[in-house]
Amino acid sequence: MDDAPLPAPPAPAPAPAPAPPAAAPRVPFHCSECGKSFRYRSDLRRHFARHTALKPHACPRCGKGFKHSFNLANHLRSHTGERPYRCSACPKGFRDSTGLLHHQVVHTGEKPYCCLVCELRFSSRSSLGRHLKRQHRGPASGSGRSKKIFGCSECEKLFRSPRDLERHVLVHTGEKPFPCLECGKFFRHECYLKRHRLLHGTERPFPCHICGKGFITLSNLSRHLKLHRGMD
């Protein structure tokens with residue numbers, strides 16, 4: 001019997017098409033405290049508990065935690081738009097008492113922040129900070145400002161004028177050349193004396209909006225308001 005031809009081997013199966021790259025898992029839940037992202041809301045809640053352990057007052061809208069209830073109350077107004085702290089001199093309103101305090105100096109003209117170098121006064125801490133940075137710090141540049149050539153022999157700090165240096169030296173000598181004529185108390189700087197003189201007057205330009213008590217300075221009113229916050 002003749003040998004029959006062998007059947008051709010079957011063609012190899014085509015290679016499977018490569019699988020499309022897996023889509024990156026979605027992480028739609030982000031921690032507002034540290035920015036870390038999570039795939040599931042439950043994971044975010046468990047993670048967020050680490051932040052809120054020291055901040056037990058949580059915002060029901062965004063979950064952010066706060067140490068004190070009055071901090072949470074102020075934060076909630078960022079969601080509601082409520083501004084219960086009203087200025088008595090104009091229609092403007094503020095979310096918290098701090099914003100109102102800083103605004104009130106616009107009407108009273110008080111400048112409670114004093115530069116200890118040149119005794120200029122400012123209505124806000126930020127204005128004083130800008131003044132110190134521009135006028136009393138850093139090396140002289142080509143901007144036309146005078147060079148600092150008057151040096152303190154105690155600490156080697158430099159000043160632009162003899163007057164500025166004289167005021168600074170009082171820090172080292174302890175001298176208090178500004179006396180109060182009412183009570184005899186002495187002060188190192190004239191701006192401190194001016195603030196002290198208010199104690200002998202009757203004017204109290206900064207009233208507490210909660211209990212009505214008046215205060216001589218914004219800083220005194222601010223300390224008083226903390227007593228009310230502690231009652232929350």
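The values are calculated or read from the model by the stated rules, or taken from the named source; none is laboratory data. The structure displayed is predicted, hence computed values, not measured ones. Using ideal geometry, Cβ is built from the backbone for each residue, glycine included, and neighbour counts are taken over all protein chains shown.
Quick notes on this structure:
- Sole exception among (1) modelled with pLDDT of 75 or more; (2) out of contact with any His (no Cβ under 9 Å at 6 or more places or on another chain); (3) not aromatic (Phe, Trp, Tyr) for Cys180, by number: (2)
- Answer from His131, His209, His228 - the residue that is more than 30 Å from Lys67 (Cα to Cα) and at pLDDT 75 or above: His131
- Once the range 174-206 is narrowed to residues that are part of a helix (DSSP H, G or I) and touching a Phe, Trp or Tyr at 6+ places or on another chain (Cβ under 8 Å), the residue that is farthest from Arg121 (Cα to Cα) is His196.
- Test result for Thr173, surrounded by 14 or more Cβ atoms within 10 Å (Cβ to Cβ), among the polar types (S, T, N, Q) and either assigned by TED's automatic domain parsing to the domain that holds Arg125 or within 16 Å of Gly109 (Cβ to Cβ) (or both): no
- Residue check, Ala140 at pLDDT below 75, more than 21 Å from the chain's Cα centre (by Cα) and of a type in the set (Gly, Ala, Ser): yes
- Test for Phe187: is it farther than 30 Å from Ser88 by Cβ, in contact with a Lys or Arg (Cβ under 7 Å, 6 or more places away or on another chain) and touching a residue at least 40 places away in the same chain (Cβ under 8 Å): no
- Where a residue in the range 44-62 is under 15 Å from Leu72 (Cα atoms) and its partner, wherever it lies, is at pLDDT below 75 and part of a helix (DSSP H, G or I), with Cβ under 9 Å and at least six apart: Ala58/Phe48; Ala58/Thr52
- Residue check, Pro60 closer than 25 Å to His224 by Cβ, surrounded by fewer than 17 Cβ atoms within 10 Å (Cβ to Cβ) and either of a type outside the set (D, E, K, R) or outside the structural domain of Leu221 (by TED's automatic domain parsing) (or both): no
- The range 104-113, residues that are touching a strand residue (DSSP E or B) at 6+ places or on another chain (Cβ under 9 Å) and either part of a loop (DSSP other than H, G, I, E, B) or surrounded by 18 or more Cβ atoms within 10 Å (Cβ to Cβ) (or both): Gln104, Glu110, Lys111, Pro112, Tyr113
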